[in-house]
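What follows is one structure encoded as structure tokens, with my remarks underneath.
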Amino acid sequence: MPIAFNEPLSFLQRITEYMEHVYLIHRASCQPQPLERMQSVAAFAVSAVASQWERTGKPFNPLLGETYELIREDLGFRFISEQVSHHPPISAFHSEGLNHDFLFHGSIYPKLKFWGKSVEAEPRGTITLELLKHNEAYTWTNPTCCVHNVILGKLWIEQYGTVEILNHRTGHKCVLHFKPCGLFGKELHKVEGHIQDKNKKKLFVIYGKWTECLWGIDPVSYESFKKQERRGDHLRKAKLDDSSGKTDSDVADDVPVTQETVQVIPGSKLLWRINTRPPNSAQIWPARRRSGWRRNREKRGGSGPGRRQSGRRGGSTQAITPTLGPPTGCTQGITLSGISPTAQISTEGLEGPGARDRRLTRLDFLEWPL
């Protein structure tokens, strides 16, 4: 695979973005009722995949035994991830609240399927969130991610599938349906679902978009609104023009037109809204070729081969962010567009001629030959 298809960061760093909206976990821990806690947990599960929109670059595969640690004292959590298996590739992570209010852990080992024009990543592995104050454990699995136009055309991503979040203590379950794009793109990014008790009685309805926001409302009001909507659609129903259908596998899938916002039902409750992205979040720095890396090292007087050999002895990377200043909307150790300039990435065990420069970038490690 060409190196230009990769993001200049490791998959272990990419997992850290699960904690971008960690305030939802803190909110769930403070809620007195199990239904309210499930609402916040469901919003957190959806927000964990929100950063993937417009992120078409592939993270680099971590080395076996590689670890990444992030501490955010301003957001109240510590996160560490490790590559525990090389074939198949399995990444494990563990996070804990600095106030000892939650534990968040799990493993990810996606199964890739190539469909000609697209690549589908079917997630495997269970994600667990423990609210220590309430002695509750929630488990779920991420939806399926599909990248379109991997051969021809503009890359775009969609998430689809069913996510079931189970509260093992009370029996409450949240069932979320991530809608596929569909023929005309009307269902792109949409999420719909409900929360039910252990007797399968619907208690709360959730709807929205995984790229924007989630809303909730009681089932009676939701069904009443949907009936009125269907009645109106029936009156103004028109024939759809299907003359633009494409069946040739060599033709790229057009990027669907994204609706700007979610139609909010009167009386709904806002559960989550995505943090504002930086202006350049959709742009990533392309990975450099090794020849350019070597020329830069020679200009600085470093020894290329010696630097590579000594660097491979480092077994972990660590990013500890400063505690001053307001949060930027995402983890400062790793941003939506790559590695943040505020992250201090260091290595241990450096030796040789190049050991005097210990502030190496993550890209340096990933471009060394195996």
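Quick look at the numbers
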{"read-out": "Exclusive hit being open to solvent by 30 Å² or more (accessible area, probe 1.4 Å), of a type outside the set (D, E, K, R) and under 28 Å from residue 218 (Cβ atoms), set 172, 168, 189", "value": "168"}
{"read-out": "Any hit, the range 22-39, residues being over 26 Å from residue 120 (Cβ atoms), touching a helix residue (DSSP H, G or I) at 6+ places or on another chain (Cβ under 7 Å) and of a type in the set (S, T, N, Q)", "value": "yes"}
{"read-out": "Within the range 1-53, considering residues that are β-branched (Val, Ile, Thr) and farther than 20 Å from residue 98 by Cα, the one modelled with the lowest pLDDT", "value": "3"}
{"read-out": "Failed item, numbered, when residue 60 is tested on (1) of a type in the set (Phe, Trp, Tyr); (2) open to solvent by less than 10 Å² (accessible area, probe 1.4 Å); (3) more than 26 Å from residue 209 (Cβ to Cβ)", "value": "(2)"}
{"read-out": "Counted residues, the range 112-159 - those being farther than 25 Å from residue 22 by Cβ and not β-branched (Val, Ile, Thr)", "value": "18"}
{"read-out": "Filter result (among the β-branched types (Val, Ile, Thr), assigned to a loop (DSSP other than H, G, I, E, B) and open to solvent by 60 Å² or more (accessible area, probe 1.4 Å)) within the range 135-165", "value": "151"}
{"read-out": "Residue within the range 90-104 that is without any contact (Cβ under 8 Å) to a residue 12 or more places away in the chain, of a type outside the set (D, E, K, R), open to solvent by 40 Å² or more (accessible area, probe 1.4 Å) and part of a strand (DSSP E or B) present", "value": "no"}
{"read-out": "Residue 113 vs. criteria exposed (fewer than 15 other Cβ atoms within 10 Å of the Cβ) and touching a strand residue (DSSP E or B) at 6+ places or on another chain (Cβ under 8 Å)", "value": "yes"}
{"read-out": "Flag for residue 132 being of a type in the set (A, V, I, L, M) and open to solvent by 50 Å² or more (accessible area, probe 1.4 Å)", "value": "yes"}
{"read-out": "Tally, over the range 86-128, of residues that are in contact with a helix residue (DSSP H, G or I) (Cβ under 6 Å, 6 or more places away or on another chain) and either aromatic (Phe, Trp, Tyr) or closer than 22 Å to residue 171 by Cβ (or both)", "value": "2"}
{"read-out": "The lone exception for residue 125 - which of (1) within 19 Å of residue 9 (Cβ to Cβ); (2) modelled with pLDDT under 95; (3) not basic (Lys, Arg) it fails", "value": "(1)"}
{"read-out": "Within the range 189-206, considering residues that are in a strand (DSSP E or B) and out of contact with any helix residue (DSSP H, G or I) (no Cβ under 8 Å at 6 or more places or on another chain), the one farthest from residue 177 (Cα to Cα)", "value": "196"}
{"read-out": "Residue within the range 36-52 that is closer than 25 Å to residue 133 by Cα and open to solvent by 30 Å² or more (accessible area, probe 1.4 Å) present", "value": "yes"}
{"read-out": "Residue tally, condition closer than 19 Å to residue 25 by Cα, open to solvent by 70 Å² or more (accessible area, probe 1.4 Å) and acidic (Asp, Glu), over the range 63-89", "value": "1"}
{"read-out": "Every pair of residues 6+ apart whose Cβ atoms lie under 9 Å, when the first sits in the range 3-22 and is closer than 21 Å to residue 65 by Cβ and open to solvent by 20 Å² or more (accessible area, probe 1.4 Å) while the second is part of a loop (DSSP other than H, G, I, E, B) and charged (D, E, K, R)", "value": "14/55"}
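The values are calculated or read from the model by the stated rules, or taken from the named source; none is laboratory data. Nothing here was measured: the structure is a model prediction, and the numbers come from that model. Every residue, glycine among them, receives a Cβ derived from its backbone with ideal geometry; neighbour counts consider all protein chains shown. Protein only, heavy atoms only, side chains kept; ligands, DNA and RNA dropped before computing areas. Shrake-Rupley method; radii C 1.70, N 1.55, O 1.52, S 1.80 Å.
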